[in-house]
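*Asks:* Okay, handing you the structure first.
FYI, it's all coordinate maths here, none of it is from the lab. Keep in mind that what you see is a predicted model, and the values were worked out from it rather than measured. No Cβ is skipped: glycine too gets one built from the backbone with ideal geometry, and neighbour counts run over all protein chains shown.
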Amino acid sequence: IAFQPDASFHGLEGLKHMPTAIKPGIYDESLAGEPLEVQTEAAREMVSRLAREEGLFVGISSGAAAVAALEVASQLDEGVVVTVFPDAGYKYLSDKNLWK
């Protein structure tokens with residue numbers, strides 16, 4: 001399962017909105033299935049939540065991954081969902097609004 005920002009102009013640094021992105025030659029859209037769309041604000045809120053409730057110091061891309069994973073989990077009757085947190089919070093220390 002893949003996820004992407006919900007709009008071409010977003011605040012999810014490093015992530016691409018694939019419908020409007022320049023795609024590299026190795027990109028194969030059929031491998032990811034239907035991508036989930038994640039709002040920038042939802043990812044930012046998840047970063048704060050993961051720090052506050054779980055003690056995880058993650059970045060905004062990781063917040064987006066958590067939002068997408070929870071969306072997938074909410075659609076399952078049973079099973080396990082695994083995601084990878086691709087960044088850490090240290091890159092966002094100067095963003096005072098993120099760490100409320």
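*Asks:* Filter the GluC sites (Glu not before Pro) in the range 52-94 down to the DSSP loop ones having no more than 16 other Cβ atoms within 10 Å, then list what survives.
*Replies:* Numbers: sites: GLU53, GLU54, GLU71, GLU78; in loops: GLU78.
Passing sites in the range 52-94 are GLU78.
*Asks:* Next question. What are the ³J(HN,Hα) values, in whole Hz, obtained from phi via the Karplus relation 6.51 cos²θ - 1.76 cosθ + 1.60 with θ = phi - 60°, for each residue of the range 65-82 in sequence order, with x given for Gly and Pro?
*Replies:* Whole-Hz 3J(HN,Hα) from phi for the range 65-82: 4, 5, 4, 5, 5, 5, 5, 4, 4, 5, 9, 9, 6, 7, x, 10, 10, 10.
*Asks:* Search the structure for amide H atoms under 5 Å from the amide H of LEU36, placed 1.01 Å from N in the peptide plane, and list their residues when 5 or more places away or on another chain.
*Replies:* ALA2, PHE3, GLN4
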